[in-house]
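Comments concern the structure below.
The values are calculated or read from the model by the stated rules, or taken from the named source; none is laboratory data. This is a predicted model, so every value here is computed, not measured. Cβ: placed from backbone, ideal geometry, glycine included. Neighbour counts: every protein chain shown. Calculation scope for accessible area: heavy atoms of the full protein, side chains included, ligands and nucleic acids excluded. Shrake-Rupley method; radii C 1.70, N 1.55, O 1.52, S 1.80 Å.
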Amino acid sequence: MEDFFKKIAEYTALSKEAESAWVKILRSRRFAKGDFQIRQGEIARTVAFVSKGLFSQYSLADDGSTFIKRFFSEGYFAASTTSLLSKSPSITSIEAIENTIAWEYDFWEFKNLTERYKDIAAFYITYMERHWILEKEPEEIGFRQNTAKDRYDDFVKKYPHLINRVKKHQIASYLGITPTQMSRIFFANK
């Protein structure tokens, strides 16, 4: 649990009361490789903080192809955010692609804590601003404007810890390119 609150401290300082209240809704959960935090079509209820391991968030098209939206490794919060906020079926699945240990909490219990504790609300606002706005916009623009090689180079810079943990076809899916394009880029960079 120490790693969880160390991460929270990167965004805001919590009072002892707020931390104690949050501890009451946290539970440790283990996911074997191939287990799901949520499946496409289910309504999300929880957020999982990754202590050890790796998740992939993806959607499946009607033709069976996979579009990877995100990877969640140590220190990241994994959730189907749109499903949580809208209380509607998730358009993505979040699957453990390594054995994973997470601290999980019910999102709506957490939202209640944001109303009772200003410091937890401050964490939530700062987290959203940093990750859902400041990081997301340049990434979305880059995916539309940059070449496949540029997108790969950005991936390597932002996520060097994932290069040897994620399969090339998964990186290709994340980058929106074919496995053949991925192979060409990978071997050109060697």
>> Within segment 70-94, take every residue that is in contact with a Gly (Cβ under 9 Å, 6 or more places away or on another chain) and within 14 Å of Thr46 (Cα to Cα) and give me the one that is most open to solvent (accessible area, probe 1.4 Å).
In response: Pro89
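Here is a yes/no grid of residues against (1) in contact (Cβ under 8 Å) with a residue 40 or more places away in the chain; (2) of a type in the set (S, T, N, Q); (3) within 21 Å of Phe31 (Cα to Cα):
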residue	(1), (2), (3)
Glu95	yes, no, yes
Trp103	yes, no, yes
Tyr117	yes, no, no
Glu129	no, no, no
Ala148	no, no, no
Lys158	no, no, no
His169	no, no, no
> Out of segment 3-26, which residues are over 14 Å from Lys118 (Cβ atoms), open to solvent by 50 Å² or more (accessible area, probe 1.4 Å) and part of a loop (DSSP other than H, G, I, E, B)?
Replying inline: Glu10
> Of all strands (runs of 3 or more DSSP E) completely enclosed by segment 54-111, which ones contain at least 2 residues that are within 14 Å of Arg39 (Cβ to Cβ)?
Replying inline: 55-60, 93-96
> Yes or no: Glu135 open to solvent by 30 Å² or more (accessible area, probe 1.4 Å), within 24 Å of Ile8 (Cβ to Cβ) and in contact with a Lys or Arg (Cβ under 7 Å, 6 or more places away or on another chain)?
Replying inline: no
> What are the residues in segment 140-160 that are of a type outside the set (S, T, N, Q) and either surrounded by 12 or more Cβ atoms within 10 Å (Cβ to Cβ) or in contact with a His (Cβ under 9 Å, 6 or more places away or on another chain) (or both), if any?
Replying inline: Gly142, Phe143, Ala148, Lys149, Asp150, Arg151, Tyr152, Asp153, Asp154, Phe155, Val156, Tyr159
>> Quick check on my filter: what residues within segment 135-162 are at pLDDT 90 or above and assigned to a loop (DSSP other than H, G, I, E, B)?
In response: Tyr159
